[in-house]
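Notes follow the structure.
The values are calculated or read from the model by the stated rules, or taken from the named source; none is laboratory data. Fair warning: this is a prediction, and the values are worked out from it, not measured in the lab. We place every Cβ from the backbone using ideal geometry, glycine too, and count neighbours over all the protein chains shown. Please note that ligands, DNA and RNA were not included when accessible areas were found on the heavy atoms of the full protein model with its side chains. Shrake-Rupley method; radii C 1.70, N 1.55, O 1.52, S 1.80 Å.
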Amino acid sequence: MSKMILTLLIAAGSLLFFQGVQPSSIRSVVRDSVVIKYPKNVKAIVDAKCINCHSPESKNQKAKDKLLWGELPKLDRAKQISKMDDIIEVLEKGSMPPKRTLETKPELKLTNSEVKTMKKWAEATADKLLK
Amino acid sequence: MKRKLKAVIGLILLVVVIIQFIANKLPENKPLNSNSDIIASGLATGEIARILKNSCYDCHSNQVKYPWYSYVAPVSWLVINDVEEGRKELNFSEWSEYPKRRMLRKMEDVGEQMEKKEMPLPIYTFIHRSASLSENDRTLIKDWAKNLSSKILNE
């Protein structure tokens, strides 16, 4: 009788162990492979045209609240995907960099090919994060 | 004095009549699409559905209830603008047509709005007293938005 209970306990324990370990280890593998990455061509655009306002050193509080490129990889998955969606919408609308900024710094305007590059990257990143 | 007052009132009335002929068309409603509507498709039920209908659907859906005065300028101008903007920002009637990334962002936004209390717009709740959200309503909506987010994430 006590042997049976012991066997049952061991079975239950091992079940719990595997349930506890397996999914989270799989998840962490998936998570690591989708951490937001900036390929060279994307980083070049961000550095040239976005980072001035969207970085901790910026004086533009609104821009900092909205998006910090360096912080993006540290956000949780839902937030990262949301930010990608935001970036895509902004690119589609052509609302960034804002008109106000372009008046004084017209050289910051995104070219069509830059918009394309950024959009493709944001869409691919969102898709990867959703998998 | 009396004549002056009459003239002023007459003038105001005349202006009110004239402005009725300025672009005045309220955004059209569409028939309920039970596949794409967030309530009809079963993603918002019970108390959540009631709150959404009662406090959000008059701008954020294709099923806007227009009271008689919303047809009268200048109120109509305000209503036209708010409904157009509201639908563009988030349309619960077209929920299922959003890509997943947008669904997640909209649910984040909903949660944020519940905390910041910018929604429903004060001018709306001033007229529709019953649409203002209690603390409990806000918590319910916030939790619902969070749950829906994790559901979308884990699909």
Response to the item:
The answer for the net charge of residues other than A:Thr101 whose Cβ lies under 11 angstrom from its Cβ, with Lys and Arg +1 and Asp and Glu -1, is +3
Practice prompt. Please give, to one decimal in nm, the separation of the simple spin-label points placed at B:Glu85 and A:Glu103, each 7 Å out from Cα toward the Cβ.
Written response: 2.1
Worksheet item: From the square roots a ≥ b ≥ c of the eigenvalues of the alpha-carbon gyration tensor of chain B, which class results: rounded (a/c under 1.5), prolate (a/b over b/c), or oblate?
Response: prolate
Worksheet, complete the sentence: Given a Förster distance of 22 Å, the FRET efficiency implied by the Cβ-Cβ spacing of B:Asn35 and B:Lys65, rounded to the nearest 0.05, works out to 0.50
Worksheet item: What is the Cα centroid distance between region A:30-81 and region B:10-71, reported in whole angstrom?
Response: 38
Worksheet item: Taking springs between alpha-carbon atoms closer than 10 angstrom, which of B:Lys53, B:Lys106, B:Lys116 fluctuates most in the Gaussian network model of chain B?
Response: B:Lys116
Fill in: Residue-wise HN-Hα coupling along region B:137-152, computed from phi with Karplus coefficients 6.51, -1.76, 1.60 (Hz; x: Gly, Pro)
4, 5, 5, 4, 5, 4, 5, 4, 4, 5, 4, 5, 4, 5, 5, 5
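Determine the dipole magnitude for chain B: charges of +1 sit on the beta-carbon of Lys and Arg, -1 on that of Asp and Glu, nothing else is charged, the reference point is the Cα centre, and the result goes in debye to the nearest 20. Write out the running numbers ahead of the final one.
Working: 23 positive and 19 negative charges, 153 e Å.
It comes to approximately 740 debye.
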Worksheet item: Rounded to the nearest 500, what is the protein assembly as shown's calculated 222 nm mean residue ellipticity when only DSSP H runs of at least 4 contribute -39500 (n - 2.57) each, over all residues?
Response: -20000 deg cm²/dmol
Item to complete: Any chance you could check region B:87-130 for residues losing 40 Å² or more of accessible area when the partner protein chains are in, compared with the chain on its own (1.4 Å probe)?
Response: B:Arg101, B:Arg102, B:Leu104, B:Arg105, B:Glu108
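Taking all protein chains in place and a 1.4 Å probe, what share, in percent, of the accessible surface of region B:1-81 do carbon and sulfur account for? Don't skip to the answer; put the middle values down first.
On the way: 3850 of 5480 Å².
Its accessible area is 70 percent carbon and sulfur atoms.
B:Lys6 to B:Val75: FRET efficiency via 1/(1 + (r/R0)^6), r the Cβ-Cβ distance, R0 35 Å, to the nearest 0.05?
Numbers: r = 25 Å, r/R0 = 0.72.
After rounding, the FRET efficiency stands at 0.90.
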Worksheet item: How large is ³J(HN,Hα), in whole Hz, for each residue of region B:20-35 in order, when computed from phi with the Karplus curve 6.51 cos²θ - 1.76 cosθ + 1.60 and θ = phi - 60°, using x for Gly and Pro?
Response: 5, 8, 7, 1, 9, 8, 6, x, 6, 7, 10, x, 4, 9, 6, 7
Fill in: Descending principal axes extents, the protein assembly as shown, alpha-carbon based, whole Å
105, 62, 33
Discussion item. Just to compare against my own numbers: the Cα pair-distance distribution for region B:1-40, 5 Å bins, whole % per bin, please.
Written reply: 5, 17, 11, 10, 10, 8, 7, 9, 7, 6, 5, 4, 1
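In square angstrom and rounded to 100, what buried accessible area do you get between chains B and A, total over both, with the probe at 1.4 Å?
Values: alone 10220 and 9690 Å², together 18810 Å².
That pair of chains buries around 1100 Å² in total.
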